[in-house]
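Written below as structure tokens is the structure these notes are about.
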Amino acid sequence: MSDPAESAGVSGSVCPRCGVGCRLAPGADGRARGVAGPANPAGRLCPSGIAAYDDERERLSRPVVQCESERRETSWAAAYEHAVEQLAAIEATHGPDSLAFLGAPRCTNEENYLLGKLARLVGTNNVDNRARACHVSMARALADRVGWAATTNPLSDLRESDVILVAGANPAARQPVAFNGFVRPAVADGAALVHVDPVGNRTTRLATHHLAPRPGNDALVFDLLSAAIREGPGGVDRAFVSERTRGYEAFAESIEALDRERAVATAGVDAAAIETVAGLIADADRVAALVGTGIEGDGGAAADALLDLLLATGNLGRPGTGVYVLRGLVNEQGATDAGCVPDWLPGQQPVDDPAARARVAEEWGVEPPSEPGRTAGELLEAFGDDVRGAVVVGENPAVSKRDPAWLDERLDALDALVVCDLVESRTAEHADVVFPVAAGVEKAGTVTNLDRHVQWSTPTVDPPAGVRSDLDVLCELGRRCVDPGAFAYDDAREVFAELTRVAPTHAGGSVEKLEGAGRQWPFEHDGTLYADSFATADGRAAFGSADDRAPGMAASTPEQGDQDGLSLVAGGRAGETADGREDARLRIHPEDARASGVADADAVVVSDGRVARETSYEVTDRIRRGTVYLPAAAADAFLRRETETVTVAPATTDDGGDGSDESI
Ligand SMILES: Nc1nc2c(c(=O)[nH]1)N[C@H]1C(S)=C(S)[C@@H](COP(=O)(O)OP(=O)(O)OC[C@H]3O[C@@H](n4cnc5c(=O)[nH]c(N)nc54)[C@H](O)[C@@H]3O)O[C@H]1N2
Ligand SMILES: Nc1nc2c(c(=O)[nH]1)N[C@H]1C(S)=C(S)[C@@H](COP(=O)(O)OP(=O)(O)OC[C@H]3O[C@@H](n4cnc5c(=O)[nH]c(N)nc54)[C@H](O)[C@@H]3O)O[C@H]1N2
Ligand code: SF4
Ligand SMILES: [Mo]
């Protein structure tokens, strides 16, 4: 495959390990070395990126099919035939909506685009990707109220911020190159760093202020800040509010009506600390917010309240302001932009928008279905019921906070499961056909990082003999399932060119124009979004209302969490220790440790009454009282059961202590 960007002087792959999008290439010792790019202008990498080429897992090199009870390797031709036969039979009997297409935050924009196109040409909008599980409420709040479901500003704008607010995230550990390259220098230059998180972590170490609310109460914190700012002089940006927004009066009334004393008690925050941070924001010229997965648990209230706070203070549309969605996976942003979602066509255009449908129809030759499809979660629930077949590309739904036995059952209930993966993943084990594919650093294409930079990634190592790219597999499935002409592409560049014609966000782009530094979409106005107007129907940003967020407060009495047990907060990812450095220790406040009688124990047992788990522990006053923290790997057993509170007790020495789940 020709590599058009090579001639434009672009080198290196985009790091496949997280959404920061650093560029890298193999170094002399086989480890990765950094190549300067928009996210790592100094060519830096974090330890995870340096290990980007070390994958110890055994790669698949030949397609695998399951026929009756026999599982065997086979030729590509036979595997395609088997997959297409099965999918076609399901479609013929049960209709296109009986199929699900799950992609691909680890794949390129072109691959995500093709997966969406395949689903829609088959006749269904049942296409979704994992990003929904990570940052959906912040992304959707941005889409609904200011225009685009994406980070508003370039990372480089953070150098101009006076206050950086980090909520529900640990970028010092999770997006380290972005944190060290853009947040740290801003703080060194005098910016205040406010960390809103019930648990102190590596990010808190650099913070100038730490607000540690009771989990799930960020909306109250942001509304309390808005209330305090409204009271003081000069905090509300009247000119911005009147020229650029709508709905301020109703928002102001709802803030006026907030029972602040009760809100402070419910959120469990210090009223004086709220006043201090409100003063900082009111006095600052430029405030930016960085948000992670920790604010996603309250149904979107925190995302809404944060946007209201930023809008009231005029902190959108200028360098140094805005919202950064700390996307987790390499192409989580791009999977959404390329249309791998059930309700949007490429370019974040609603599936029922006539103009978008016409644009797509002109390229595809047919109109996509107009009813939004089902989300990944809804599709999984329906596996074996009215969803009979699935194509899964670059994700592994069997790895999830859900009960693994339930997921195994759902996957087995399908009539056909087709999987593209590098390895025999837990999901691939259930598949009827597995296509072995190339990894991110082994293939060409574009990916979009957490600040909307679209970069061309060149292959920097050879894939194992015998594997193909997801792009090749999706083109072949498209040619066989739908229409040879609609999937006749020579390479990723041709697919990208089509994406630029279909998606308004990508209009005017070309691989050549991405050059070394990439480009932020919308390509026609890259840089800071909303400088002149918001991407809404009337060009104004919409305020929400604190009234819509009040039910949370009514439902809980202030001290409830503390009396019923300790609130469990989890972080990090399953399968690894929290930030690659810490072990799976429970963290607990000294007062809670004393009250639980564990101050001198060697280890503790964490229990929700039905499941118990033994861990080591750390007593620390950087976590709020009444809350305990467990890394995801250890917390999964509880999270799967939606446990919110746990008790902690000293471990007795004779109960095995192997750290495995035990029912009690
Ligand atoms: N229990 C538990 N579940 C979790 C989490 C947790 O902490 N605990 N975290 C959640 C979060 S934040 C996320 S983002 C998700 C992640 O969820 P997933 O992304 O679904 O999970 P993984 O198993 O990490 O990766 C998916 C698969 O993609 C394959 N892959 C990698 N690159 C490519 C490629 O280029 N092409 C193809 N076809 N395949 C590729 C990998 O081999 C792997 O099998 O998990 C969520 N689920
Ligand atoms: N090294 C490494 N880096 C990664 C990944 C990885 O696997 N390894 N995965 C990537 C992926 S897929 C993702 S999604 C990102 C995740 O990146 P983050 O979203 O930063 O993930 P966590 O480290 O789990 O941090 C979540 C934080 O939210 C806090 N929290 C929990 N509940 C609440 C609450 O109610 N309110 C507030 N304010 N905070 C709360 C937790 O205490 C925790 O500190 O990381 C990405 N980066
Ligand atoms: S910060 Fe993310 S993209 Fe950059 S090197 Fe580390 S893992 Fe890779
Ligand atoms: Mo994630």
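Could you tell me the ratio Rg/Rh of the range 118-190? Both radii from Cα atoms, Rh via Kirkwood.
Ratio value, two decimals: 1.12.
Counting Lys +1, Arg +1, Asp -1, Glu -1, what net charge surrounds LEU411 among other residues with beta carbon under 11 Å of its beta carbon?
Within the 11 Å Cβ shell, the charges total -3.
List VAL241, VAL287 from most exposed to least, where exposure is judged by having the fewest other Cβ atoms within 10 Å. Write out the running numbers ahead of the final one.
Numbers: VAL241 21, VAL287 25.
By the 10 Å Cβ count, ascending: VAL241, VAL287.
Relative contact order (percent) for the range 311-355, with alpha-carbon contacts under 8 angstrom and 6 or more residues of separation? Don't skip to the answer; put the middle values down first.
Numbers: 25 pairs, mean separation 7.8, N = 45.
Averaging sequence separation for qualifying contacts and normalising by length gives 17 percent for the range 311-355.
Using the Kirkwood formula over every pair of different C-alpha atoms, what hydrodynamic radius in Å results for the chain?
Across the chain, the inverse of the average 1/r is 25.8 Å.
If one computes the Cα centroid of the range 504-541 and of the range 238-271, what distance in Å separates the two points?
One Cα centre to the other: 31 Å.
What dipole magnitude, in Debye to the nearest 20, does the range 412-540 give about its Cα centre under +1 on Lys/Arg Cβ and -1 on Asp/Glu Cβ?
Roughly 340 debye, rounded to the nearest 20.
Expected output is a single nm value to one decimal: the length gained when fully extending between CYS67 and ALA405, i.e. 0.36 nm times separation in residues minus the C-alpha distance. What is it?
Taking CYS67 through ALA405 to full extension adds about 119.4 nm, to one decimal.
Quote the FRET efficiency, to the nearest 0.05, computed for GLU494 versus GLU515 with a Förster distance R0 of 25 Å and r equal to the Cβ-Cβ distance.
Details: r = 19 Å, r/R0 = 0.76.
Working from the Cβ atoms, E equals 0.85.
Could you give the length gained on full extension between ASP538 and ALA51, defined as 0.36 nm per residue of separation minus the Cα-Cα distance, in nm?
Roughly 170.6 nm would be gained on extension.
Rg/Rh for the range 383-466: what does it come to with C-alpha atoms and Rh from Kirkwood?
Using only Cα positions, Rg/Rh for the range 383-466 is 1.06.
Report the relative contact order of the range 55-109, percent, no decimals, based on alpha-carbon pairs under 8 angstrom and at least 6 residues apart.
Values: 27 pairs, mean separation 10.3, N = 55.
It rounds to 19 percent for the range 55-109.
Arranged from highest to lowest average of other beta-carbon atoms within 10 Å per residue, in what order do the peptides 65-72, 158-165, 330-337, 26-33 appear?
In decreasing order of mean packing, 65-72, 158-165, 330-337, 26-33 become 330-337, 158-165, 26-33, 65-72.
What FRET efficiency comes out for the pair ALA599/ARG262, r = Cβ-Cβ distance, R0 = 22 Å, nearest 0.05?
According to the calculation, E is roughly 0.10.
How high is the relative contact order of the chain, in percent, with contacts defined as C-alpha pairs under 8 Å that are six or more residues apart?
For the chain, the relative contact order is 20 percent.
Excluding GLY317 itself, what net charge comes from residues whose Cβ is under 9 Å from its Cβ, given Lys and Arg +1 and Asp and Glu -1?
Local charge sum for GLY317: +1.
Working from the pairwise distances between different alpha carbons, so that the mean of 1/r is found and then inverted, what is the range 291-389's Kirkwood radius in Å?
Evaluated on the range 291-389, it is 16.5 Å.
Nearest 20 debye, what's the magnitude of the dipole of the chain about its Cα centre given +1 on Lys and Arg Cβ and -1 on Asp and Glu Cβ?
In total the dipole reaches around 1540 debye.
For SER370 paired with ALA273, estimate the spin-label separation in nm (one decimal), with each label point 7 Å from Cα along the Cα-to-Cβ line.
In this crude spin-label approximation the distance works out to 5.2 nm.
May I ask you to derive the FRET efficiency for TRP76 and ARG610 from their Cβ-Cβ distance with R0 = 41 Å, giving the value to the nearest 0.05?
For R0 = 41 Å, the calculated efficiency reads 0.30.
Specify which residue in the list LEU142, LEU60, SER607 is farthest towards the positive end of the charge dipole of the chain, using unit charges on the beta carbon of Lys, Arg (+1) and Asp, Glu (-1), about the Cα centre.
The residue sitting farthest along the positive end of the dipole is LEU142.
Of ALA79, HIS94, LEU115, which is farthest along the charge dipole of the range 78-132 in the positive direction, counting Lys and Arg as +1 and Asp and Glu as -1 at C-beta?
Among ALA79, HIS94, LEU115, the one farthest towards the positive end of the dipole of the range 78-132 is LEU115.
Multiply the residue separation of ASP144 and ALA465 by 0.36 nm, subtract the distance between their alpha-carbon atoms, and state the gained length in nm to one decimal. Please list the in-between numbers first.
Working: separation 321, 0.36 × 321 = 115.56 nm, distance 4.61 nm.
Extra length from ASP144 to ALA465 when fully extended: 110.9 nm.
Throughout, read-outs are computed from the coordinates displayed, never taken from laboratory work. Predicted model, so just to flag it, every value in this text is computed and none were measured. We place every Cβ from the backbone using ideal geometry, glycine too, and count neighbours over all the protein chains shown.
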